[in-house]
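Participant: Okay, handing you the structure first.
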Amino acid sequence: MNKDTTGLLLFNELKQAEDHGVRLRIILDDLLVFNAAWIAELAQQKQIDIRIFNPFNARKSGWLGRAVDFQLHQAQLDNRLHDKYFYVDNQMVILGGRNIGDNYFGYSKEANFFDLDVVFKGLIISAFVANYAQLWGNNLVTPVGDLITVSHTENYSHFYQAVTKTTNQNTVVVNAIASAVGNLTSMAFIRSAVTPVFDSLAKQQDNKPYFITRVERLMDSSISCAKKALISTPYVIPTQHKFKIIETLVNNGAAASLINNSSASNDSAFVPADFEEYRPILMKMGVNLCEFRDDAYAKDHLYHVDTYYHNRTFILTIRSPNIGSSNFAPRSDFLNIEFGIVIESEAFAKILNTYLLGTQECNYWHVTQQSDGSIRWQPADESLDTNPNYGDWYKLPD
């Protein structure tokens, strides 16, 4: 949750809903909260309750303090809440991999993410209500008022000052958001069978791969008999140097495609350098590799700047998609609290496949391995034998 135009406008809408009697319960991971007096002010409202997951000890010393805190208490602080969902009145839930911030909606002038969310309604909501209640009542979450001290006030000066300052400085973004919301069309729902998969909070103590194990068991038969597989993740990091699910798919004869960031489009300073080692391994396995271009164009973004890939999903035989928060990487497997939705719907799978590939074809490098073992990146109009827009300077951490 960022303290920028998108984040503050969302909280302002929530505050107005509370003014009209809506009860709000919000859980935030502590990675970006720091000493946010404006959040603590909101939590003083009778109908607003905000809690922080696995809080840091350092609040007022910025990233330097957080870094020192992390070094001293890594075993405690390494586990983060990676779930991202929002349900309303037990009627609808919005979920996916998107965080709340300008750069996740195309409103950043620096860099933005290509991402997706999905809206569900129906019986699935009860599973999210139960999962949220379990997290809400756990000692892993702490009321924000216990962490951030702020004087009780009726005018919420910190909050409204932040909202006013940000909206006045970013009127173009504010107007763009208002226009986008005003032009939203009615949602068309697809009837399908869905199975939510949630992580275990025991991961905080034992770091066992509860979520990914549950997904693999649930989808074991689909993985074993799949003829095609499309896997989408921003960060390709094998667990113990092995791509377990991809290897299973390939060994069973499935045509496997992988979408991820190119080295130049990756927002991590370390993942691209590691992927240099694993790219040839995947190519040798026969994986069809698509890497997101750093100059990719997203038509729904206000600012067309550097763009990073942030979608997390996979589709088996154009029938069985999984959408959620997991990166299918070691941090997601062993440290972060994750969730996913397994969907049995050919119609939805086709829409998702088109969203990821059909309408975005020009935004990827298609990576192939030549007979001499060299790697080539090819869009429609050019061919490169060196990693596009990625030099040695990228490999040096900031």
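Participant: Can you tell which of Met283, Met219, Met187 shows the greatest fluctuation in a Gaussian network model of the chain with Cα springs below 10 Å?
Facilitator: Met187
Participant: Once the piece of chain linking Glu216 and Thr195 is laid out straight, how much longer is it, given 0.36 nm per residue of separation minus the C-alpha distance between them?
Facilitator: 6.3 nm
Participant: Once the Cβ-Cβ distance between Glu154 and Lys121 is put in as r, and R0 is 41 Å, what FRET efficiency do you end up with, to the nearest 0.05?
Facilitator: FRET efficiency, Glu154 to Lys121: 0.65.
Participant: Quick one: among Leu384, Leu31, Leu42, which has the greatest mean-square fluctuation in a GNM of the chain with alpha-carbon springs under 10 angstrom?
Facilitator: Maximum fluctuation in the GNM of the chain, among the listed residues, is at Leu384.
Participant: Over the Cα atoms of region 194-395, compute the convex hull volume and normalise it per residue, giving Å³.
Facilitator: 136
Participant: Another question about this same structure. What is the packing order of peptides 327-337, 194-204, taking the mean over residues of other C-beta atoms within 10 Å and listing the highest first?
Facilitator: So the order, starting with the most tightly packed, is 327-337, 194-204.
Participant: Starting from the Cα of Lys121, draw a straight line to each of the lysines and keep only those under 21 Å, dropping any in the same chain fewer than 8 residues away.
Facilitator: Straight-distance partners of Lys121: Lys84, Lys350.
Participant: Please work out the Cα center distance from region 163-221 to region 119-133, rounded to the nearest Å.
Facilitator: Region 163-221 and region 119-133 have Cα centres separated by 13 Å.
Participant: Now, a different point. Projected area of the chain, taken from the Cα convex hull and averaged over every viewing direction, in nm²?
Facilitator: Its Cα hull, projected and averaged over all orientations, spans 20.5 nm².
Participant: Separate question: Give me the percent of DSSP beta bridges within region 194-395 that run antiparallel, rounded to the nearest 5. All intermediate terms of the calculation are to be shown ahead of the outcome.
Facilitator: Details: 26 of 36 bridges.
Expressed as a percentage, antiparallel bridges in region 194-395 total about 70.
Participant: Taking the Cβ of His241 as the centre, find all other residues whose Cβ is under 13 Å away and add up their charges (Lys, Arg: +1; Asp, Glu: -1).
Facilitator: Counting the neighbours of His241, the net charge comes to -1.
Participant: If exposed GluC sites (Glu not before Pro) are those in a DSSP loop with at most 16 other Cβ within 10 Å, what is the longest stretch of the chain that has none?
Facilitator: 155-381
Participant: If the elastic network links every pair of Cα atoms under 10 Å, which of Val174, Val215, Val342 fluctuates the most in the Gaussian network model of the chain?
Facilitator: In this elastic network of the chain, the residue with the biggest mean-square fluctuation among Val174, Val215, Val342 is Val174.
Participant: Something else: Relative to the Cα centre, what is the charge dipole magnitude of the chain, using +1 at the beta carbon of each Lys and Arg, -1 at the beta carbon of each Asp and Glu, and rounding to the nearest 20 debye?
Facilitator: Once rounded to the nearest 20, the dipole reads 880 debye.
Participant: Something else about it: Long-range amide H contacts for Tyr364: which residues qualify at under 5 Å (H placed 1.01 Å from N, peptide plane, sequence gap of 5 or more or a different chain)?
Facilitator: Those qualifying (amide H under 5 Å, at least 5 residues apart or on another chain) are Arg293.
Participant: FRET efficiency for Cys225 and Trp136, Cβ-Cβ distance as r, R0 = 45 Å, nearest 0.05? Before the final figure, lay out each step's value.
Facilitator: Details: r = 39 Å, r/R0 = 0.87.
E(calc), rounded to 0.05, equals 0.70.
Participant: Give me the one-decimal nm value for the distance between modelled label points at Arg376 and Lys284, 7 Å along each residue's Cα-to-Cβ direction.
Facilitator: Once both label points are built, they end up 2.1 nm from each other.
Participant: Considering amide H positions built from the backbone, and no H for Pro or chain starts, which residues 5 or more places from Leu289, or on another chain, come under 5 Å of its amide H?
Facilitator: Leu258, Val367
Participant: For Asp385 and Thr317, compute 0.36 nm times the residue count separating them, minus their Cα-Cα distance, and round to one decimal in nm.
Facilitator: Value of the extension gain: 21.3 nm.
Participant: Using 0.36 nm times the number of residues separating Val129 and Asn168, minus their current alpha carbon distance, what extension gain do you get?
Facilitator: That pair, Val129 and Asn168, stretches by 10.4 nm at full extension.
Participant: Cut-off 15 Å, label point 7 angstrom out along Cα-to-Cβ of Cys362: give me the residues of region 68-106 whose amide nitrogen falls inside.
Facilitator: Inside the label zone: nothing.
Participant: Still on this structure, I have one more. Let's test the formula: R0 of 30 Å, r as the Cβ-Cβ distance of Gln45 and Leu72. What FRET efficiency results, to the nearest 0.05?
Facilitator: My answer for the efficiency is 0.30.
Participant: Taking H as built 1.01 Å from N, whose amide H comes closer than 5 Å to the amide H of Ala255, not counting residues under 5 places away?
Facilitator: Lys228, Ala229
Rule-based calculations on the coordinates, nothing more; no lab input. Note that the structure is predicted; figures quoted are calculated from it, not measured. Quick reminder, even Gly has a Cβ in these numbers, built from the backbone with ideal geometry, and neighbours come from all protein chains shown.
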